[in-house]
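The values are calculated or read from the model by the stated rules, or taken from the named source; none is laboratory data. Here the structure is a predicted model, which means the values were calculated and not measured. With ideal geometry, Cβ positions are generated from the backbone for all residues, glycine too; neighbour counts draw on all protein chains shown.
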Amino acid sequence: MSDAFGDVDTIWMDGEFVDWDDAQIHVLTHGLHYGTGIFEGVRCYDTENGPAIFRWEEHLDRFYESAKPYDMEIGFSREELTEATETLIREQNLDSCYIRPIAFYGYDSLGVSPGDCPTEVAIACWPWGTYLGEDALENGVEVMVSSWRKHASSQIPTNAKTTGLYVNSMLAGEEARRNGFVEAIVLNKEGDVAEGPGENLFLVRDDELYTPGLSESILDGITRQTVIDIAEDLGYTVHDDATISRGELNTADELFFTGTAAEVTPIRKVDNVEIGSGTRGPVTEEIQQEFFDIVERRTDKYDEWFDYV
Ligand code: PMP
């Protein structure tokens, strides 16, 4: 087994718990050839009351909704997927982890039409730390605006978390890393700011928050909605339907990414231009602090966002 996943040995596949190394699919699987899969990325946090899955119900909602444009029938109920996930966490003694549910058109024929290809469903869980590097959360990351544009939702639905879409994310992210940056910002077809390859983006100006609206070719991020709720509860005005031009990035007081993997990560430079003071800004810090107090359960607030295993 690959060393990348740590001390885990079981994957749930189509209703069965199988040994990690036996979680195999056929090389002529439809989803492998055409990107016809949908997936989720979910975090489970280590809390005083044991492992707690963050916003599981919202991730399940998005999982089933992502399948709809592809006419993909997920043959397992919410309860079955929940039971499978909780069993994986419990049986493998995981306290905090990343959870990856995936559904894809499987093996039967290889026309572009999935025809009689079955929908296969799997869930894996494994330990996972910070996504953009250890000091990213405190000091922020340096990013570049990618030369790759995000496809429009008239080309591929951007609100569905589809495996095939991530070639765009990979191109943008790798271009950034080849150029010495940690991550990319991707513009939409109109040339306005969409999001990161695996993150949504927030801009702070005059103590108000702005984030691109759902029609700007973004994924409807669950952490994005979480941050909108947290910020509004802290008394901030949040413009969640914004159009943000490329130039506004450079003149922002603060910028930060949100995502299940990235959590709340400050952006300190865009294309080598310092944002604000060039360090984590005070609004970002306050929201980040509140976010981590919530997910690590140092507060009783928002308990409805947690599924205790
Ligand atoms: N945009 C893209 C393209 C993503 O892949 C992700 C990660 N799922 C996000 C935004 C953030 O979404 P979430 O907060 O639901 O993880």
Could you pull out the residue among Thr226, Thr279, Thr258 that is touching a Gly at 6+ places or on another chain (Cβ under 9 Å) and either assigned to a helix (DSSP H, G or I) or more than 14 Å from the ligand (Cβ to nearest atom) (or both)?
-> Thr279
Can you tell me which residue within region 27-83, out of those that are β-branched (Val, Ile, Thr) and part of a loop (DSSP other than H, G, I, E, B), is farthest from Ile156 (Cα to Cα)?
-> Val27
Within region 189-200, which residues are touching a Lys or Arg at 6+ places or on another chain (Cβ under 8 Å) and crowded, with 22+ Cβ neighbours inside 10 Å?
-> Val193, Ala194, Glu195, Asn200
Out of (1) part of a loop (DSSP other than H, G, I, E, B); (2) surrounded by fewer than 17 Cβ atoms within 10 Å (Cβ to Cβ), what's the single condition that is false for Gly247?
-> (1)
From the option list Arg90, Arg55, single residue qualifying as under 22 Å from Glu296 (Cβ atoms) and more than 15 Å from the chain's Cα centre (by Cα) is Arg90
Any chance Lys269 is touching a strand residue (DSSP E or B) at 6+ places or on another chain (Cβ under 7 Å) and either surrounded by fewer than 21 Cβ atoms within 10 Å (Cβ to Cβ) or more than 18 Å from Leu201 (Cα to Cα) (or both) = yes
Test: Pro282 is of a type outside the set (D, E, K, R), touching a Phe, Trp or Tyr at 6+ places or on another chain (Cβ under 9 Å), modelled with pLDDT of 95 or more and at negative phi = no
With Glu79, Glu73, Glu91 as the choices, which residue is farther than 22 Å from Thr162 by Cβ, free of Cβ contacts under 8 Å to residues at least 60 places away in the same chain and among the acidic types (Asp, Glu)?
-> Glu79
Is region 4-19 home to any residue that is more than 20 Å from Ser109 (Cα to Cα), more than 16 Å from the ligand (Cβ to nearest atom), within 19 Å of the chain's Cα centre (by Cα) and surrounded by 15 or more Cβ atoms within 10 Å (Cβ to Cβ)?
-> yes
Which residue pairs have Cβ atoms closer than 8 Å, lie 6 or more positions apart in sequence or on different chains, and pair a first residue in region 201-223 that is touching a residue at least 40 places away in the same chain (Cβ under 8 Å) and in the same structural domain as Gly281 (by TED's automatic domain parsing) with a second residue that is aromatic (Phe, Trp, Tyr) and within 10 Å of the ligand (Cβ to nearest atom)?
-> Leu201/Phe257; Phe202/Phe257
So which strands (runs of 3 or more DSSP E) are wholly in region 101-193 and hold at least 3 residues that are in the same structural domain as Gly247 (by TED's automatic domain parsing) and within 25 Å of Asp253 (Cα to Cα)?
-> 141-145, 183-187
Are there any pairs, at least 6 apart or on different chains, whose C-beta atoms fall under 6 Å, with the first in region 233-262 and on the phi < 0 side of the Ramachandran plot and the second at pLDDT below 95, and if so, which?
-> Ala261/Tyr131; Ala262/Tyr131; Ala262/Leu132
Can you tell me which residue in region 133-169 is surrounded by the most Cβ atoms within 10 Å (Cβ to Cβ), limited to those that are basic (Lys, Arg) and in contact (Cβ under 8 Å) with a residue 60 or more places away in the chain?
-> Lys150
Could you grab the pairs with beta carbons closer than 7 Å, sequence gap of 6+ or different chains, first residue in region 274-297 and over 16 Å from Phe202 (Cβ atoms), second one at pLDDT 95 or above and among the aromatic types (Phe, Trp, Tyr)?
-> Ile294/Tyr302; Val295/Tyr45; Val295/Phe54; Glu296/Tyr45
Keeping to region 229-244, report how many residues are within 16 Å of the ligand (Cβ to nearest atom), among the small types (Gly, Ala, Ser) and outside any strand (DSSP E or B).
-> 1
Identify all residues within region 1-24 that are out of contact with any strand residue (DSSP E or B) (no Cβ under 7 Å at 6 or more places or on another chain), assigned to a loop (DSSP other than H, G, I, E, B) and not polar (S, T, N, Q); write none if there are none.
-> Met1, Asp7, Gly15
Some residue of region 197-211 being within 14 Å of the ligand (Cβ to nearest atom), within 25 Å of Ile53 (Cα to Cα) and polar (S, T, N, Q) = yes
Whichever residue in region 49-84 is more than 16 Å from the ligand (Cβ to nearest atom) and among the β-branched types (Val, Ile, Thr) and, among such residues, is farthest from Val8 (Cα to Cα) = Ile74
